[in-house]
Every structure is written in C-alpha cells, then in structure tokens.
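Structure first, then comments.
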Amino acid sequence: MPRRRRSRWRSTSRRAEEGGHAVDPHGSGGYAVVKIDVRTVGPFQENCYLVVDDATNHAVLIDPGDDGEQLVQMVRESGAVLDAIWLTHAHIDHIGGIAEVRRHYDVPVHLHPLDLPYYTQLSARAAPDVRRVVRGKPAGPDYELAEGDVLSCGNLRFTVMHVPVMHRGS
C-alpha cells in the first residue's frame with residue numbers, strides 16, 4: 001500500500017499563505033515565515049517535520065521516524081541548511097531515521113534525558129519485525145532538553161515544554 005504524503009509546505013497561518021507574515025519571533029512587530037514540510041514515514045505512519053526559517057533558510061528535523069533516505073531527500077529538496085534533529089520522545093517510530101540522516105548531515109540530536117533508555121534500548125526490545133524501523137543504531141543524543149529551554153532554528157525561537165503524557169521524557 002503506498003504511503004500517504006501530506007502537502008509539501010504548510011505555512012503557520014493564513015496570513016503567511018497570502019504572502020504576509022506568520023510569526024513574530026522576538027515580539028518586535030517584525031514577522032517571519034515558517035515553512036513546514038510534513039512526511040508520513042514507516043510502518044507506524046509517524047509524522048516527521050522539517051521546519052525551515054524562511055529568512056535564513058536554516059532548518060531542523062523533528063522526529064525522523066523511518067525512511068531516512070526519503071527524509072534526506074526532503075532536506076535536499078528544500079535547499080535548507082539542516083542545523084539539528086529534535087525529538088519529542090524516543091519511541092522507535094520517532095528515531096528510526098536518525099542514523100541515515102546523520103550519515104548525510106553532521107547535526108546534533110536533542111532529547112529529554114528521561115527518554116534516554118528508550119533511545120538506547122527500545123530497538124533491542126522491539127519485536128523482530130519492528131526492529132527493521134531502526135536502520136543502524138543512532139549515536140547517542142548530543143544535547144539534553146529541559147522545560148523552558150529555548151531552541152533556535154535560524155532566527156526563530158522555540159520554548160521546550162515538558163509534557164510527559166506518553167512517558168516521562170515526552
């Protein structure tokens with residue numbers, strides 16, 4: 001069955017779609033346009049997001065769950081400079097594409113430390129038919145996320161919110 005593919009780029013607001021501005025990252029009255037490319041990947045049909053600051057053309061990849069080759073192509077097609085991988089949590093369907101992406105891009109991985117056991121051990125605990133999602137063991141995360149941290153993507157700023165709904169590190 002073919003994988004569903006979502007729209008290539010989504011702006012953060014109707015105003016941005018009309019050629020206006022979408023986000024006021026510094027509260028200064030100046031706005032920035034955020035491009036978001038969404039790809040649904042892997043057998044779990046997990047959504048992976050490429051967030052691009054339109055002004056600087058810098059990007060982050062959020063939850064590269066599988067199909068690393070497809071995600072690398074998504075970044076290449078965007079023409080953006082990939083700065084980092086951000087993980088909302090470390091379930092197997094959110095980390096499966098990391099190793100392949102990092103073979104092409106030397107970027108850091110950001111993860112909440114409470115999810116480190118899932119990141120390092122989950123693929124080994126998964127059923128054999130699910131293990132194929134993690135193609136190559138990803139290197140450990142480079143940065144720990146914590147409540148209130150501010151992450152950058154170009155000129156954009158994002159505040160980390162620790163919301164342990166799925167498990168403690170979400």
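None of the figures in this text is laboratory data; all of them are computed from the coordinates on show. Model, not experiment: these values are computed from the prediction. Quick reminder, even Gly has a Cβ in these numbers, built from the backbone with ideal geometry, and neighbours come from all protein chains shown.
May I ask you to list the residues in the range 96-117 that are surrounded by 19 or more Cβ atoms within 10 Å (Cβ to Cβ) and under 11 Å from Gly140 (Cα atoms)?
Ile98, Val109, His110, Leu111
Any residue that is in contact with a Leu (Cβ under 6 Å, 6 or more places away or on another chain), in a helix (DSSP H, G or I) and more than 20 Å from His162 (Cα to Cα) - is there at least one of those in the range 90-107?
Yes, the range 90-107 has at least one match.
Any chance you could count how many residues in the range 101-117 are in contact with a Lys or Arg (Cβ under 9 Å, 6 or more places away or on another chain) and either hydroxyl-bearing (Ser, Thr, Tyr) or closer than 16 Å to Tyr49 by Cα (or both)?
1
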